[in-house]
1. Enumerate the calculated ³J(HN,Hα) couplings along the stretch 232-243 in order (Karplus 6.51 cos²θ - 1.76 cosθ + 1.60, θ = phi - 60°), each rounded to whole Hz, writing x wherever the residue is Gly or Pro.
2. What are the ³J(HN,Hα) values, in whole Hz, obtained from phi via the Karplus relation 6.51 cos²θ - 1.76 cosθ + 1.60 with θ = phi - 60°, for each residue of the stretch 8-13 in sequence order, with x given for Gly and Pro?
3. For a quick protection proxy, order the peptides 147-155, 188-196 by their average other-Cβ count within 10 Å, most packed first.
Amino acid sequence: MQPSLRHRLSVAVDPEMREDDGLSPFNRLVVSGILLLILVGVLETEVHVIRRFGGVLEMIKAALFVFFLVEYGLRLWVAPLNPRIRNVWHYAFSPSALLDLAVLVTLASPFLGLEATVFRLLQLLRILRLARLGRYSRGMNLLYDALRSRATELWLSMVMALSLMLAASTLLYIVEGEVQPEAFGSIPRALWWAVETLTTVGYGDVVPVTPLGRFLAALTALCGIGFIALPTGLLAGAFSDAMRQSREERRHRHD
């Protein structure tokens, strides 16, 4: 029996409905549209580009608005065919659908006559278009699984890092507070130094000058190496486990 038009569209539109791992031609077009929309958003921040190509950019945005509006309507129509979605409303209020709607609002905002301040605030949502690429990327899904599987360990490492920052800033406040009150005169002021030292950024705008302060700074910098290595090792191990599990699932599916 020939599959219905709605079913064929669901396979083309919804990556979860495809049996293989690749993207459908339609979703390749969607990804290209997202990247083009991001590029337009970046170019619009340059005054000289707006003066010279403002009309062209507006035409591109208008065309992309129509395209993404059609895509949004198609996703609503075929959503109930996905076993994980109960009905249209279940999909409409899902994070991915709300994200799609937010992107449409940013595109439609100039045509809605919104005030300049409101329009600029809506432009912050443009970065969310990058998040839309996650639904088409197996790697992003694996990264999400890795983060979720190591959530407790990552949370503990974050608590340890915050505790270390607070301890370092408190010690430097005690040692350097009277010598450099503008930089270490309070714990919040010393906290900036602790952040840049533990993250090994090392801007050099604030440095201890007393021997004890420099000794504590050296210890803090050494601790910063572990501060960076601990979550990195956790994520690397989790991502490796997720990759291995994904390969095993695909092997079982093809057997």
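Read-outs: derived from the displayed coordinates by stated rules, not from any lab. Given the structure is predicted, the values throughout are model-derived calculations rather than measurements. Here the Cβ positions follow ideal geometry from the backbone for every residue, glycine too, while neighbour counts run over all protein chains shown.
1. The phi angles translate into 5, x, 4, 5, 4, x, 5, 5, 5, 5, 5, 5 Hz.
2. Karplus values, whole Hz, x for Gly and Pro: 5, 5, 5, 5, 6, 8.
3. 188-196, 147-155
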